[in-house]
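K.L.:
I'd like to ask some things about the structure below.
The values are calculated or read from the model by the stated rules, or taken from the named source; none is laboratory data. Keep in mind it's a predicted model, so treat the numbers as computed, not measured. Methodologically, a virtual Cβ is constructed for each residue, glycine included, from the backbone with ideal geometry; neighbour enumeration extends over all protein chains shown. Calculation scope for accessible area: heavy atoms of the full protein, side chains included, ligands and nucleic acids excluded. Shrake-Rupley method; radii C 1.70, N 1.55, O 1.52, S 1.80 Å.
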Amino acid sequence: MEYSNIILKIEEGIATITFNRPKALNALNSELIGEFSHVLDEISGNEDIRVLILTGAGEKSFVAGADITELSKFNSLEGKIFAKKGQSVISKLQELTIPVIAAVNGFALGGGSEIALASDFIYASEKAMFGLPEINLGIIPGFGGTQRLPRLIGINMAKEMIFTGKMISASEALEIGMVNRVFAAEALMDETLKTARIIAQKGKTSLRAAKQAINNGLNIDIFTGCSIEVDSFALCMSSIDAKEGTSAFLEKRKAAFKGTLKN
Ligand code: CO8
């Protein structure tokens with residue numbers, strides 16, 4: 001499908017989605033959210049894709065949040081439909097079984113920060129700015145920010161960001177553990193691709209099992225979490241990846257994982 005607000009590139013098993021409304025700093029209008037949802041379906045249906053990268057078009061912004069021009073005209077029913085659509089696309093993103101890296105190249109505000117938070121981890125350019133400024137608009141984060149941010153950076157830090165609506169720089173985001181690494185702007189995509197390539201060479205079954213064990217274990221007690229890990233471990237043992245990985249070690253060669261879920 002042709003997209004008007006998104007660019008999809010697939011190379012070497014790595015898909016890159018670029019949010020592409022640079023005149024509005026890649027703000028999320030209904031059309032972009034619909035396209036994002038569609039492209040995520042396209043990606044989850046493509047067995048050959050092993051890693052997804054998300055980034056923004058232009059030099060200034062990742063995603064500057066929901067489109068305020070559109071938001072300002074919603075009545076409460078339209079607001080509900082928009083929020084539901086947004087939440088469902090964010091859930092779709094979080095539930096992707098392949099690893100997702102957000103390469104945040106500029107403003108990641110409101111819904112933009114929330115997309116990054118629903119990814120598996122965040123790399124940022126030195127120019128990146130993060131914030132949940134919804135409070136300044138008289139609303140609150142609606143795409144999961146009140147839930148994911150405290151889990152990532154701690155309750156009090158999250159409350160400070162959400163109550164003040166203040167932006168923080170990439171280096172502050174690094175300090176509080178919101179982003180994994182910060183790079184010079186011109187190095188961000190190369191560095192993100194380097195990590196994506198490393199991950200893309202791993203076994204698809206084990207990546208999927210690791211992601212699911214981590215995500216499913218986060219909101220339950222550690223004993224139940226560890227039993228999820230045991231089941232996931234058992235599942236991996238019967239996979240073609242485990243056979244290849246262990247044989248490669250014993251034969252003193254590099255494992256060549258096939259990128260398939262088949263046993
Ligand atoms: N929506 C629509 N247009 C935007 C947005 C946005 N979120 N952000 C920037 N733009 C537009 C500007 O209006 C401007 O357009 P124009 O050139 O036509 O005037 C253009 O992008 C460039 O922006 P600025 O001139 O403002 O650029 P600056 O460098 O001066 O400032 C900022 C950049 C700081 C990013 C500033 O644009 C800004 O504060 N933007 C708004 C950020 C924001 O508040 N985002 C949160 C939105 S709310 C949200 O995301 C809620 C998500 C959950 C919704 C739940 C469902 C209801």
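K.L.:
With each run of n ≥ 4 DSSP H residues scored as -39500 (n - 2.57), what mean residue ellipticity at 222 nm is computed for the chain after dividing by its residue count and rounding to the nearest 500 deg cm²/dmol?
P.N.:
-14500 deg cm²/dmol
K.L.:
Answer rounded, prolate or oblate for the stretch 173-263, using the Cα gyration tensor with square roots of eigenvalues a ≥ b ≥ c: rounded when a/c is under 1.5, else prolate when a/b is larger than b/c, else oblate.
P.N.:
oblate
K.L.:
Over what distance in Å are the Cα centres of the stretch 142-163 and the stretch 184-201 separated?
P.N.:
27
K.L.:
To continue, here is another question. Considering only DSSP beta bridges with both partners in the stretch 6-200, what is the antiparallel share in %, to the nearest 5?
P.N.:
In the stretch 6-200, DSSP labels about 25 percent of beta bridges as antiparallel.
K.L.:
With θ taken as phi - 60° and the coefficients 6.51, -1.76 and 1.60, list the Karplus ³J(HN,Hα) couplings across the stretch 194-204 in order, rounded to whole Hz; mark glycine and proline as x.
P.N.:
4, 5, 4, 5, 4, 5, 5, 7, 7, x, 5
K.L.:
While we're on this one: How large is ³J(HN,Hα), in whole Hz, for each residue of the stretch 141-151 in order, when computed from phi with the Karplus curve 6.51 cos²θ - 1.76 cosθ + 1.60 and θ = phi - 60°, using x for Gly and Pro?
P.N.:
For the stretch 141-151, the Karplus-derived couplings read x, x, 10, x, x, 5, 9, 7, 4, x, 5 Hz, x marking Gly and Pro.
K.L.:
Counting only heavy atoms of protein chains, what accessible area per residue, in Å², does the stretch 204-250 have with a probe of 1.4 Å?
P.N.:
Per residue, the stretch 204-250 has 65 Å² of solvent-accessible surface.
K.L.:
Once you sort the root eigenvalues of the Cα gyration tensor of the stretch 33-94 as a ≥ b ≥ c, which label holds: rounded (a/c under 1.5), prolate (a/b larger than b/c) or oblate (the other case)?
P.N.:
oblate
K.L.:
In the chain, what percent of the accessible surface is made up of carbon and sulfur (1.4 Å probe, ligands and nucleic acids excluded)?
P.N.:
About 58 percent, which is the carbon plus sulfur part of the accessible surface.
K.L.:
Please state the shape class of the stretch 22-161: rounded when a/c is under 1.5, otherwise prolate if a/b exceeds b/c and oblate if not, all from the C-alpha gyration tensor.
P.N.:
Cα axes put the stretch 22-161 in the rounded bin.
K.L.:
Enumerate the amide H contacts of Ser61 below 5 Å, restricted to partners 5 or more residues apart or on another chain; note that Pro and chain-start residues carry no placed amide H.
P.N.:
Answer set, sorted by chain and number: Phe107.
K.L.:
If you don't mind, there's one more thing I want to ask. Please compare each pair in Lys92/Lys243; Lys159/Lys211; Lys85/Lys258; Lys9/Lys202; Lys73/Lys159; Lys9/Lys204 to a cut-off of 24 Å on the Cα-Cα distance and tell me which ones are over it.
P.N.:
Beyond 24 Å between Cα atoms: Lys92/Lys243; Lys159/Lys211; Lys85/Lys258; Lys73/Lys159.
K.L.:
Now a separate question. Within straight cross-link reach of Lys127, meaning Cα distance under 21 Å, which lysines are found once same-chain residues fewer than 8 apart are removed?
P.N.:
Candidates past the 8-residue exclusion: Lys23, Lys60, Lys166, Lys194.
K.L.:
When only C-alpha pairs under 8 Å and at least 6 residues apart count, what is the relative contact order of the chain, in percent?
P.N.:
Normalised by residue count, the contact order of the chain is 16 percent.
K.L.:
Accessible area per residue for the stretch 104-147 in Å², computed with a 1.4 Å probe and the full protein assembly in place, what is it?
P.N.:
Using a 1.4 Å probe on heavy atoms only, each residue of the stretch 104-147 averages 31 Å².
K.L.:
Any aspartates and glutamates with Cα under 15 Å of the Lys254 Cα? List them, leaving off those in the same chain fewer than 8 positions away.
P.N.:
Asp241, Glu244
K.L.:
Could I ask something else about it? Count charges around Phe223 for me, please; just the other residues with Cβ under 15 Å from its Cβ, Lys/Arg as +1, Asp/Glu as -1.
P.N.:
Combined, the nearby Lys, Arg, Asp and Glu give -3.
K.L.:
Further question: Provide the net charge surrounding Ala170, with neighbours chosen by a C-beta distance below 15 Å and charges set as Lys +1, Arg +1, Asp -1, Glu -1.
P.N.:
-2
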